[in-house]
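These notes concern the structure reproduced below.
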């Protein structure tokens, strides 16, 4: 089971039996998480700024949407991954830590 204090899963029970291509989470440490997972060959996704459709001068009107754009990350979960692949992703995410300088 995915359990990490620095991450918040973004999912709903409504997904039911729909196949997922990714498991969305939210973290203030997205870049560090991406770099850490990449060392294990795990590549997720994050939507870049070109997914922001609100004019920059109106950004302050949508702080939650802007925050989500900056902090979301999609863990790889799809039909091509084996159960052991998924377990590896979960293990590495659960072992993720932030080091302070």
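I'm checking my understanding of the structure. Among residues of region 84-101 that are more than 14 Å from the chain's Cα centre (by Cα) and modelled with pLDDT of 90 or more, which one is nearest to residue 23 (Cα to Cα)? Steps first, please.
Narrowing region 84-101 to residues more than 14 Å from the chain's Cα centre (by Cα): 84-88, 91, 95, 97-101.
Filter again for modelled with pLDDT of 90 or more, leaving 84-88, 91, 95, 97.
Numbers: 84: 16, 85: 14, 86: 11, 87: 13, 88: 14, 91: 14, 95: 17, 97: 19 Å.
Only one residue tops the list, namely 86.
Just give me the residues in region 18-39 being modelled with pLDDT of 90 or more, surrounded by 13 or more Cβ atoms within 10 Å (Cβ to Cβ) and either part of a strand (DSSP E or B) or more than 12 Å from the chain's Cα centre (by Cα) (or both), in sequence order.
25, 26, 36
Return the residue satisfying two criteria in turn: it lies in region 40-59 and is out of contact with any strand residue (DSSP E or B) (no Cβ under 8 Å at 6 or more places or on another chain) and surrounded by 10 or more Cβ atoms within 10 Å (Cβ to Cβ), and of such residues it is modelled with the lowest pLDDT.
Only one residue tops the list, namely 52.
Would you pick out the residues in region 63-81 that are in contact with a helix residue (DSSP H, G or I) (Cβ under 9 Å, 6 or more places away or on another chain), closer than 16 Å to residue 21 by Cα and either modelled with pLDDT under 90 or part of a helix (DSSP H, G or I) (or both)?
Correct list: 77, 81.
The values are calculated or read from the model by the stated rules, or taken from the named source; none is laboratory data. Computed from a predicted structure; not experimentally measured. Backbone-built Cβ (ideal geometry, glycine too); neighbour counts: all protein chains shown.
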